[in-house]
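J.: Got a structure for you, written out below as structure tokens; questions coming shortly.
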Amino acid sequence: DTLSLHDALPISDQLRTWSATPGMTGVRLSFNKPTTRAQLVDGALDPLWAAAADHDVPLMILAPGLLPVIAQLARSYPQLRIIVDHLAIPRGLKGAKAFEHLPELLAIARYPNIAVKAAGIPGYSVNEPFPFASLHEPLRQVFEAFGPNRMFWGTDLSRMTHPYKECVEMFTQGLPWLKGADLEAVMG
């Protein structure tokens, strides 16, 4: 289904209907094109933010380079549950470049209504074998900032060039600091 602010049904009613659908756990929004990025910053989606907060519908937001906007959303709608998708890493970046925005990402951890999804992480390595050791430190910093209940794993299997097993085991076996209940929480 697609969500539209221009449908006959008000956005609040659309979200209420959707949230009653078995298996519906949230909405994923991508702001990775100029037109959609403009919508994120121009206030056009304010009714969506308010309705999602009112109906407790989490929004997973892919918006690389727009973390200040995400922080503003968290401040403006403290009941809105926001998940920053792909740790806000811009597509195509690898190695240290993929994490240049890390201080900005860690700064938004102060908002309790923001979580992060660590998806497709092996894809950000630069020709590095499993367990992708150069990615461990940035992940540890994200984990320390957000904690086990606001950081979760994902594969992004559709874009992975690494085997699924390595994507899983990077977290379950490759991160020496991620153990026990914390590992269970991150892996879901």
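J.: With the requirement that a residue be in contact with a helix residue (DSSP H, G or I) (Cβ under 7 Å, 6 or more places away or on another chain) and modelled with pLDDT under 90, what does the stretch 4-46 give you?
T.: Passing the criteria: 5, 7, 11, 12, 15, 24, 40, 41.
J.: Next question, about the same structure. Being open to solvent by less than 40 Å² (accessible area, probe 1.4 Å), assigned to a helix (DSSP H, G or I) and either farther than 27 Å from residue 139 by Cα or among the charged types (D, E, K, R) (or both) is the filter here; which residues of the stretch 34-46 pass it?
T.: Hit for the stretch 34-46 is 36, nothing else.
The values are calculated or read from the model by the stated rules, or taken from the named source; none is laboratory data. Since the model is a prediction, treat every value here as computed from it, not as a measurement. As a convention, Cβ positions derive from the backbone with ideal geometry for all residues, glycine included, and neighbour counts pool all protein chains shown. Surface areas here come from the heavy atoms of the whole protein model, side chains and all, with no ligands, DNA or RNA. Shrake-Rupley method; radii C 1.70, N 1.55, O 1.52, S 1.80 Å.
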